[in-house]
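*Asks:* Take a look at the following structure, please.
The values are calculated or read from the model by the stated rules, or taken from the named source; none is laboratory data. Remember, predicted model here, so these are calculated numbers, not experimental data. Glycine also receives a Cβ, built like all others from the backbone with ideal geometry; neighbour counts cover every protein chain displayed.
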Amino acid sequence: MTPNSQHTQQRISGVCPVVETPFTSEGEVDLASMERLLDHLYAVGVRQIMYPGYASEFYKLTDAERDALTQTVVQRFGSREDTVVVISVPDHATRVAVERARRAVELGADMINILPPFLHGPSAAEVQAHVRAVLTAIAPVPAIVQYAPAQTGVALAPGVIAEMAAASPNLVQVKVESAPPGQFISALSAAAPLLDSVVGHAGVQLIDARARGAVGVQPGCSFSELYLRIWSHWDAGEPERARALHARLLPFISYWMQGVELIIAAEKWISARRGIIASDHCRAPARQLDSEEIALLERFLAEFSEELSAVRS
């Protein structure tokens, strides 16, 4: 697939889960479970996905595995006309990131998510050069820059991101994962009114972000139905119902978001328990859930048994 003008219209809007990577109990990539997961997401109403992110354990995949899984995601989910597939490029080296971004576009990615380099404390100028190189390589295909200072340790001022967008028109959105994200979303809107904000961090601050103008949320993928309900309540002019459902969800996601490996393990446990994937295996080194955390997961499924009608015991 080659870049075309249709790509410039693509943006994340609403719920865009980050797809996890299913493994067998022996730790091999489970393509059958991946296909079942992608079909499940579409069946419950998801029309936009991203892969591979932190929730996908991208840092535990070989290059060949990433390529094969990316192709599966694009072909299985993106073959439907009403879908948007965002392929993430988290590679630290600019040369590698450019090559991977071009390859993702060739495979059919609708958007590219750029995680700026963060090892060894790159300067703002180095970060800008990296992002600009990727944007130039994929133009006019639209891109979203992932701003995750808690995970990367790199802080960018809204003005810096605004400069990047001014230099590269195909930078159309920013995934904001600062803690909390609200003030940054507002500041970014003031600095670059044409840039949309998407909130991550499991949607812990979803309500505040939506009130400040965020146009989308990128949570995990094991209980997407809840995020879809929250979003639809807000869109229907029922913000109190959205807040009420989010308030029920918040104690669980707040606990799980204490660590990347913790929420990966929790979400995989949920997906496996629901029968969406075959195993909750996370590649070592991984976070092991203890009995109290398993009990919390059981309470989660009981709490949302009505909303998650496909839950299996």
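*Asks:* Which residue, of 134, 73, is closer than 25 Å to residue 62 by Cβ, in contact with a Phe, Trp or Tyr (Cβ under 6 Å, 6 or more places away or on another chain) and hydrophobic (A, V, I, L, M, F, W, C)? Can you show your working first?
*Replies:* Details: 134 fails: in contact with a Phe, Trp or Tyr (Cβ under 6 Å, 6 or more places away or on another chain).
Exactly one of 134, 73 is closer than 25 Å to residue 62 by Cβ, in contact with a Phe, Trp or Tyr (Cβ under 6 Å, 6 or more places away or on another chain) and hydrophobic (A, V, I, L, M, F, W, C), namely 73.
*Asks:* Could you please give the count of residues in region 35-68 that are part of a helix (DSSP H, G or I) and under 20 Å from residue 260 (Cβ atoms)?
*Replies:* Total meeting the criteria: 9.
*Asks:* Sticking with this structure for a sec: Scanning region 260-283 for residues that are touching a residue at least 40 places away in the same chain (Cβ under 8 Å) and assigned to a loop (DSSP other than H, G, I, E, B), which turns out surrounded by the most Cβ atoms within 10 Å (Cβ to Cβ)?
*Replies:* 277
*Asks:* Only one of 169, 116, 193, 122 is outside any strand (DSSP E or B) and either in contact (Cβ under 8 Å) with a residue 40 or more places away in the chain or closer than 24 Å to residue 219 by Cβ (or both). Can you tell me which?
*Replies:* 116
*Asks:* Just to be sure I understand, how many residues within region 174-190 are part of a loop (DSSP other than H, G, I, E, B), more than 15 Å from the chain's Cα centre (by Cα) and buried (at least 22 other Cβ atoms within 10 Å of the Cβ)?
*Replies:* Result for region 174-190: 1.
*Asks:* Scan 205, 218, 151, 173 and give me the residue that is of a type in the set (S, T, N, Q) and at pLDDT below 95.
*Replies:* The conditions single out 151.
*Asks:* So which pairs qualify, if the first residue must be in region 138-157 and assigned to a loop (DSSP other than H, G, I, E, B), the second must be aromatic (Phe, Trp, Tyr), the Cβ gap must be under 7 Å, and the two must be at least 6 apart or on different chains?
*Replies:* Here the result reads 153/118; 154/118; 156/147, each pair linking region 138-157 to a residue that is aromatic (Phe, Trp, Tyr).
*Asks:* What about residue 37, is it farther than 29 Å from residue 195 by Cβ, under 19 Å from the mean Cα position of the chain (by Cα), crowded, with 20+ Cβ neighbours inside 10 Å and at pLDDT 95 or above?
*Replies:* It is true that residue 37 is farther than 29 Å from residue 195 by Cβ, under 19 Å from the mean Cα position of the chain (by Cα), crowded, with 20+ Cβ neighbours inside 10 Å and at pLDDT 95 or above.
Listed here are the residues, each with its yes/no results for (1) within 23 Å of residue 297 (Cβ to Cβ); (2) aromatic (Phe, Trp, Tyr); (3) surrounded by 20 or more Cβ atoms within 10 Å (Cβ to Cβ); (4) in contact (Cβ under 8 Å) with a residue 40 or more places away in the chain.
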residue: 227; (1), (2), (3), (4): yes, yes, yes, yes
residue: 241; (1), (2), (3), (4): no, no, no, no
residue: 244; (1), (2), (3), (4): yes, no, no, no
residue: 258; (1), (2), (3), (4): yes, no, no, no
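*Asks:* Here are some conditions: (1) within 30 Å of residue 272 (Cα to Cα); (2) in contact with a Pro (Cβ under 9 Å, 6 or more places away or on another chain); (3) not hydroxyl-bearing (Ser, Thr, Tyr). Residue 208 meets all but one. Which one does it not meet?
*Replies:* Evaluating residue 208 over (1) within 30 Å of residue 272 (Cα to Cα); (2) in contact with a Pro (Cβ under 9 Å, 6 or more places away or on another chain); (3) not hydroxyl-bearing (Ser, Thr, Tyr) leaves (1) as the failure.
*Asks:* Next question. Return yes or no: is residue 73 within 16 Å of residue 271 (Cβ to Cβ), among the aliphatic types (A, V, I, L, M) and touching a residue at least 40 places away in the same chain (Cβ under 8 Å)?
*Replies:* Yes, satisfied.
*Asks:* Here are some residues: 297, 249. Which one is over 18 Å from residue 205 (Cβ atoms) and assigned to a helix (DSSP H, G or I)?
*Replies:* 297
*Asks:* Give just the number: which of (1) within 18 Å of residue 55 (Cα to Cα); (2) of a type in the set (A, V, I, L, M); (3) within 19 Å of the chain's Cα centre (by Cα); (4) surrounded by fewer than 20 Cβ atoms within 10 Å (Cβ to Cβ) does residue 250 not satisfy?
*Replies:* Answer for residue 250: the failing condition is (1).
*Asks:* Might you check whether a residue that is small (Gly, Ala, Ser) and without any contact (Cβ under 8 Å) to a residue 40 or more places away in the chain occurs anywhere in region 82-89?
*Replies:* The first filter runs over region 82-89 and keeps only residues small (Gly, Ala, Ser), leaving 88.
With the extra rule that they be without any contact (Cβ under 8 Å) to a residue 40 or more places away in the chain, the set shrinks to none.
No, region 82-89 contains no residue that is small (Gly, Ala, Ser) and without any contact (Cβ under 8 Å) to a residue 40 or more places away in the chain.
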